[in-house]
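Please read the structure below before turning to the comments.
Only the coordinates and a few stated rules stand behind these numbers; no lab work does. Owing to the predicted nature of the structure, the values given are computational and were not obtained by experimental measurement. Virtual Cβ from ideal backbone geometry, glycine too; neighbours counted across all protein chains shown.
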Amino acid sequence: MAERDNRRGRGRNREEETPEFADRLVAINRVSKTTKGGKNFGFAALVVVGDQKGRVGFGKGKAKEVPEAIRKATEQAKRQMIRVPLREGRTLHHDMEGRHGAGKVVMRTAPEGTGIIAGGPMRAVFEMLGVKDVVSKSIGSQNPYNMIRATMDGLNKEASPRQVAARRGKKVADILRKDEAPSEAADA
């Protein structure tokens, strides 16, 4: 009996962890496979999942029914989450580009109060990530799959000053001071 309670407790903890993630259905497509007996219809779902505190992932799932496709996509998204450093918990540290196939996206930092200026699939990624202020533009492919992959590619390139300092073997203040020095010289 005690073993059974332990197992139940572990399962409950796992279920308690999942509500911390929010998910957004980005696209749902009806797909068909032509066979000898006719056409078999199914559904493909694209889902973005995040904790709105700097972690985000996307997944796709296919099944005969829509809810099952969404469930599969959500599970895949939770497995493929990445952590993105955010400045002040609201915007990106620096401007960047992301590419995937013919899709290209440009993401720029924004001052407080700007909001999320982004289209469809990119907006879903930023909302699930927890970004409050960002300006972005999608160039090229309008396919939601490619737009999300390009956005994730750009977010993977995001580096905080702390990460850059660690990589260079310097202090954070040394890196930031160099950025501020030219503006002081321009003022004088």
Long-range HN-HN contacts of His93 with modeled amide H, under 5 Å = Arg87
Would you mind computing the Rg to Rh ratio of region 85-187 from its alpha-carbon coordinates, Kirkwood style for Rh?
-> 1.04
Would you please give the residues with an amide H less than 5 Å from that of Ile82, counting only those at least 5 places away or on a separate chain, with H modeled from the backbone geometry?
-> Val56, Gly57
Karplus (6.51, -1.76, 1.60) ³J(HN,Hα), θ = phi - 60°, over region 53-60, in Hz, Gly and Pro reported as x = 9, x, 10, 8, x, 10, x, 10
Val172 versus Lys39, label points 7 Å from Cα toward the beta carbon: distance in nm?
-> 5.7 nm
Go through Met122, Gly140, Gly169 and say which Cα lies farthest out towards the positive end of the charge dipole of region 85-187; charges sit on Cβ, +1 for Lys and Arg, -1 for Asp and Glu.
-> Gly169
For region 85-187: relative contact order, % (alpha-carbon pairs under 8 angstrom, 6 or more apart) = 30 percent
Tell me, what ³J(HN,Hα) does each residue in region 83-98 have, in order and in whole Hz, if you take phi through Karplus 6.51 cos²θ - 1.76 cosθ + 1.60 with θ = phi - 60° and put x for Gly and Pro?
-> 9, 10, x, 10, 7, 6, x, 9, 9, 7, 6, 8, 6, 7, 10, x
Can you run phi through the Karplus equation (6.51, -1.76, 1.60; θ = phi - 60°) for region 139-154 and list ³J(HN,Hα) in whole Hz, with x for Gly and Pro?
-> 10, x, 4, 9, 5, x, 4, 5, 5, 5, 5, 5, 5, 5, 4, x
